[in-house]
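The values are calculated or read from the model by the stated rules, or taken from the named source; none is laboratory data. Note that the structure is predicted; figures quoted are calculated from it, not measured. Every residue, glycine among them, receives a Cβ derived from its backbone with ideal geometry; neighbour counts consider all protein chains shown.
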Amino acid sequence: MPVPPPLVAVLASVATALALRAPRARVAPRPPAPSSSPRAPTRSNKSIVRRLYREVWNNADLASANASAERYVSDDHVLIDPSNPTPEPGVEAYMQHVRGNREALPDYVIAVDNVIEEGDKCVAQLSFTASLNERTARWTGTCVMEFENGAIVKSWVNTDAMSAMIQLGLMTDLVHTGSLNSRPVTHALMGRDEPHPETVLTGKEWLQYFEEVHESWERRSIDSESARSLRTDKKSGLQVVI
């Protein structure tokens, strides 16, 4: 007969088996260490652009507008505009433009039609409205803004100022008043041969107008004699389904 193992070895093996079958105690996860300084929610550059025009450019309270400009515009900001060859940097220079527009045109309003963001730049499509001497002008423009650390450091501005001045009666339309030699150049630069329209459409209004014109053009094309002739097959005389 084989010799039985010592009693101590048997007890040790039984204890090991019971330990393996016993459920393991779960250790509660440690709570995250509290942050020393909670991080404030960051604003997107697109939201800053919309706040800029609402709280700065469209704000008749210049003290409030200045406070908002200090939040959104960098101290190193520079306006990049070839028609302004000596730009001054900083928030104060930025506010000089805001105050100048507000003083000259008290009801000056800028509507943000769209904002496109890519990388550290935002492009704003803008529509302007202002009145002077019982005349109202509407025109469009764009502004490319470059951001750094949540503030605007550069602005590229381009607006249809000529259209605004024509509508406000500050200059004459040169399309039909210039010399015959200059008219081809005038037509090319202005992109039109007709006099400046009395009513200017901006933003979605212009797109809706263009769609209506395009639909009218399509209807005229379909109803034209050449279009009607194409509806009948010349050989068979059968109607062509369009």
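Sort out for me the strands (runs of 3 or more DSSP E) sitting completely within the range 55-147 that have 1 or more residues that are of a type in the set (Lys, Arg) and under 19 Å from the mean Cα position of the chain (by Cα).
Details: elements: 73-80, 109-118, 121-132.
In the range 55-147, 121-132 are the strands (runs of 3 or more DSSP E) which contain 1 or more residues that are of a type in the set (Lys, Arg) and under 19 Å from the mean Cα position of the chain (by Cα).
Yes/no per residue for (1) touching a helix residue (DSSP H, G or I) at 6+ places or on another chain (Cβ under 9 Å); (2) closer than 18 Å to ARG54 by Cβ; (3) acidic (Asp, Glu):
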| position | (1), (2), (3) |
| --- | --- |
| TRP139 | yes, no, no |
| CYS143 | yes, yes, no |
| GLY150 | yes, yes, no |
| ASP160 | no, no, yes |
| MET165 | no, no, no |
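When the residues of the range 173-197 are narrowed to those that are within 22 Å of SER131 (Cβ to Cβ) and over 28 Å from the mean Cα position of the chain (by Cα), which ends up surrounded by the fewest Cβ atoms within 10 Å (Cβ to Cβ)?
PRO195
If you go through the range 118-127 one residue at a time, do you hit one that is touching a helix residue (DSSP H, G or I) at 6+ places or on another chain (Cβ under 8 Å), more than 21 Å from ASN101 (Cβ to Cβ) and of a type in the set (Asp, Glu)?
Scanning the range 118-127, I find at least one residue that is touching a helix residue (DSSP H, G or I) at 6+ places or on another chain (Cβ under 8 Å), more than 21 Å from ASN101 (Cβ to Cβ) and of a type in the set (Asp, Glu), so the answer is yes.
Suppose the filter is within 16 Å of ILE152 (Cβ to Cβ), modelled with pLDDT under 95 and of a type outside the set (D, E, K, R); does HIS97 pass it?
On the way: within 16 Å of ILE152 (Cβ to Cβ): yes; modelled with pLDDT under 95: yes; of a type outside the set (D, E, K, R): yes.
Taking the combined requirement at face value, the residue satisfies it.
Within the range 131-148, does at least one residue satisfy the condition of being touching a Pro at 6+ places or on another chain (Cβ under 9 Å) and either over 29 Å from TYR72 (Cβ atoms) or not aromatic (Phe, Trp, Tyr) (or both)? Break it down into steps so the answer makes sense when it comes.
First pass over the range 131-148, keeping only residues touching a Pro at 6+ places or on another chain (Cβ under 9 Å): 131.
Keeping just the survivors that are either over 29 Å from TYR72 (Cβ atoms) or not aromatic (Phe, Trp, Tyr) (or both) gives 131.
Yes, the conditions are met somewhere in the range 131-148.
Being modelled with pLDDT of 95 or more, surrounded by 11 or more Cβ atoms within 10 Å (Cβ to Cβ) and more than 20 Å from GLY141 (Cβ to Cβ) narrows it down to one of ASP75, ASP113, so name that one.
Result of the check over ASP75, ASP113: ASP75.
Do the conditions hold for ALA17, that is, is it small (Gly, Ala, Ser), surrounded by 13 or more Cβ atoms within 10 Å (Cβ to Cβ) and either in a helix (DSSP H, G or I) or at pLDDT 95 or above (or both)? Please lay out each step first, then the result.
Numbers: small (Gly, Ala, Ser): yes; surrounded by 13 or more Cβ atoms within 10 Å (Cβ to Cβ): no; either in a helix (DSSP H, G or I) or at pLDDT 95 or above (or both): yes.
The answer is no for ALA17.
Could you list, in sequence order, all residues of the range 148-172 that are among the small types (Gly, Ala, Ser), part of a strand (DSSP E or B) and loosely packed, with under 15 Cβ neighbours inside 10 Å? It would help to see each step written out before you state the result.
Step one: filter the range 148-172 for residues among the small types (Gly, Ala, Ser), giving 150-151, 155, 161, 163-164, 169.
Applying the additional criterion that residues be part of a strand (DSSP E or B) yields 151, 155.
Passing the criteria: none in range.
From (1) of a type outside the set (Phe, Trp, Tyr); (2) surrounded by 14 or more Cβ atoms within 10 Å (Cβ to Cβ); (3) in contact with a strand residue (DSSP E or B) (Cβ under 6 Å, 6 or more places away or on another chain), pick out the condition that doesn't hold for ASP120.
The one condition ASP120 does not meet is (2).
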